[in-house]
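Inspection log for the structure reproduced underneath, given as structure tokens.
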Amino acid sequence: MDSNHKHDKTFSQPVNWITTFFMVAFHIGALAALFYISWKPVLMAVFLWWVAGSLGIGMGYHRLLTHRGYKTPKWVEYFLTTCGTLALEGGPIFWVATHRKHHQNTDKEGDPHSPRDGGFWAHMGWILTGKAMHNKIDSLLPYVPDLRKDKFHSWISTWHWIPEVVVGVLLFAIGGLPYLLWGTFVRTVFGLHSTWLVNSATHMWGSQRFMTGDDSTNSFWVAILTFGEGWHNNHHAFPQVARHGLAWYEVDLNWYGISALRMLGLAWDISLPKLGREKAIQPTAVPESPAALAPVAPEAVPQEAVGD
């Protein structure tokens, strides 16, 4: 840890002033909410945290768009994507491309946010400094040939801030400043740090069930904060599968959500891992071509296996 802080990449990179301005503003708004504590705004914030963090980031951006761990009707895919924009983590093209690049170069040169470049860098420094400018880096485009061909994903990647603004206006109209501060600022800041813990904490602390050749770990407390994304070592062992919590005690709300979609007939071709390779799995083979990281179709599994 000391060496990470001492040589953190954050402090050798140029500042992204626009991103930093909005990050500081949202944190100030979150602190201001402490002067307006009321149970209704807090409950609204918790609900929207689930919408953005679970439906949007976990089920949508990550397990559906990035890894294609399951299939849904297009309207469901677009709904989940719109929920993802509420997390203030950029549009789907930027998010998916960055994550696919992370899997191609996990904890080595080219990883956008490895703690080997510093703990703070992995957590949020890579957003505040360096070249992490949402939707503006041409080098990320080869990682998302599938999303670039989709008009909706291309459009919302440019205008990803609109749903957040619309929700903010509605919150203010419904409940005034307390609803706005809790439902937008507190909820967004808490969700951002929760997601960033996957990039930082689950590559620094925790346990490894699989020998994946990187620093990815499983973390119960990060899993709770991210609706199941904290079972990160499981995920790096089986990147394309839709279920991250493999054991009964590994709480995975995002998987439960996908299972609910399946029961409603709104999710199919769900990819699941073949277990029995603990501490023996080889690092996932990574293709040299970024485009090859875009999954064509997940491995279909028998219906009865999905309900395990």
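The values are calculated or read from the model by the stated rules, or taken from the named source; none is laboratory data. The shown structure was predicted, so the numbers you read here are calculated from the model rather than taken from an experiment. Please note: Cβ atoms are built from the backbone with ideal geometry, for glycine as well, and neighbour counts cover all protein chains shown.
Scan the stretch 247-260 for residues that are out of contact with any Phe, Trp or Tyr (no Cβ under 7 Å at 6 or more places or on another chain) and either of a type in the set (Ser, Thr, Tyr) or surrounded by 23 or more Cβ atoms within 10 Å (Cβ to Cβ) (or both) and jot them down. Break it down into steps so the answer makes sense when it comes.
Going residue by residue through the stretch 247-260, those that are out of contact with any Phe, Trp or Tyr (no Cβ under 7 Å at 6 or more places or on another chain) are 247-249, 251, 255-257, 259-260.
Those that are out of contact with any Phe, Trp or Tyr (no Cβ under 7 Å at 6 or more places or on another chain) and either of a type in the set (Ser, Thr, Tyr) or surrounded by 23 or more Cβ atoms within 10 Å (Cβ to Cβ) (or both): Tyr249, Trp255, Tyr256, Ser259.
So, in the stretch 66-88, exactly how many residues are under 13 Å from the mean Cα position of the chain (by Cα) and either over 18 Å from His232 (Cβ atoms) or not in a helix (DSSP H, G or I) (or both)? Can you show your working first?
Of the residues in the stretch 66-88, the ones under 13 Å from the mean Cα position of the chain (by Cα) are 66-67, 80-81, 83-88.
Filter once more, keeping what is either over 18 Å from His232 (Cβ atoms) or not in a helix (DSSP H, G or I) (or both): 67, 80-81, 83-88.
The qualifying residues number 9.
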> Ile18 fails exactly one of the following numbered conditions: (1) closer than 19 Å to Thr158 by Cβ; (2) modelled with pLDDT of 95 or more; (3) out of contact with any His (no Cβ under 8 Å at 6 or more places or on another chain). What is the number of that condition?
Replying inline: (2)
> From Gly176, Gly183, which residue is under 17 Å from Phe35 (Cα atoms) and either free of Cβ contacts under 8 Å to residues at least 12 places away in the same chain or assigned to a loop (DSSP other than H, G, I, E, B) (or both)?
Replying inline: Gly176
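What about Asp146, is it surrounded by fewer than 19 Cβ atoms within 10 Å (Cβ to Cβ), at negative phi and either assigned to a loop (DSSP other than H, G, I, E, B) or out of contact with any Asp or Glu (no Cβ under 9 Å at 6 or more places or on another chain) (or both)?
Numbers: surrounded by fewer than 19 Cβ atoms within 10 Å (Cβ to Cβ): yes; at negative phi: yes; either assigned to a loop (DSSP other than H, G, I, E, B) or out of contact with any Asp or Glu (no Cβ under 9 Å at 6 or more places or on another chain) (or both): yes.
For Asp146, the condition - surrounded by fewer than 19 Cβ atoms within 10 Å (Cβ to Cβ), at negative phi and either assigned to a loop (DSSP other than H, G, I, E, B) or out of contact with any Asp or Glu (no Cβ under 9 Å at 6 or more places or on another chain) (or both) - is met.
Looking at Leu170, Leu141, Leu180, can you tell me which residue is aliphatic (A, V, I, L, M) and in contact with a Gly (Cβ under 8 Å, 6 or more places away or on another chain)? Steps first, answer last, please.
Working: Leu170 fails: in contact with a Gly (Cβ under 8 Å, 6 or more places away or on another chain); Leu141 fails: in contact with a Gly (Cβ under 8 Å, 6 or more places away or on another chain).
After applying the criteria, what remains is Leu180.
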> If only one of Gly245, Gly257 is part of a loop (DSSP other than H, G, I, E, B) and at pLDDT 95 or above, which one is it?
Replying inline: Gly245
> When you scan the stretch 109-132, how many residues do you find that are without any contact (Cβ under 8 Å) to a residue 60 or more places away in the chain and more than 26 Å from Phe21 (Cα to Cα)?
Replying inline: 2
>> Can you find a residue that is over 18 Å from the mean Cα position of the chain (by Cα), more than 13 Å from Asn199 (Cα to Cα) and outside any loop (DSSP other than H, G, I, E, B) anywhere in the stretch 44-64?
In response: yes
>> Cβ-Cβ under 8 Å, sequence separation 6+ or interchain: first residue in the stretch 159-170 and surrounded by 16 or more Cβ atoms within 10 Å (Cβ to Cβ), partner in a helix (DSSP H, G or I) and not β-branched (Val, Ile, Thr). Which pairs?
In response: His160/Pro92; Val167/Leu48; Val167/Gly183; Gly168/Leu180; Gly168/Gly183
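Across the stretch 194-240, what is the total count of residues that are assigned to a loop (DSSP other than H, G, I, E, B) and either more than 20 Å from Gly56 (Cβ to Cβ) or more than 16 Å from the chain's Cα centre (by Cα) (or both)? Outline the logic, then answer.
Our first condition is that a residue be assigned to a loop (DSSP other than H, G, I, E, B); within the stretch 194-240, this holds for 200, 204-206, 208-217, 219, 226-230, 238-240.
With either more than 20 Å from Gly56 (Cβ to Cβ) or more than 16 Å from the chain's Cα centre (by Cα) (or both) added as a condition, the list becomes 200, 204-206, 208-217, 219, 238.
Within the stretch 194-240, residues that are assigned to a loop (DSSP other than H, G, I, E, B) and either more than 20 Å from Gly56 (Cβ to Cβ) or more than 16 Å from the chain's Cα centre (by Cα) (or both) number 16.
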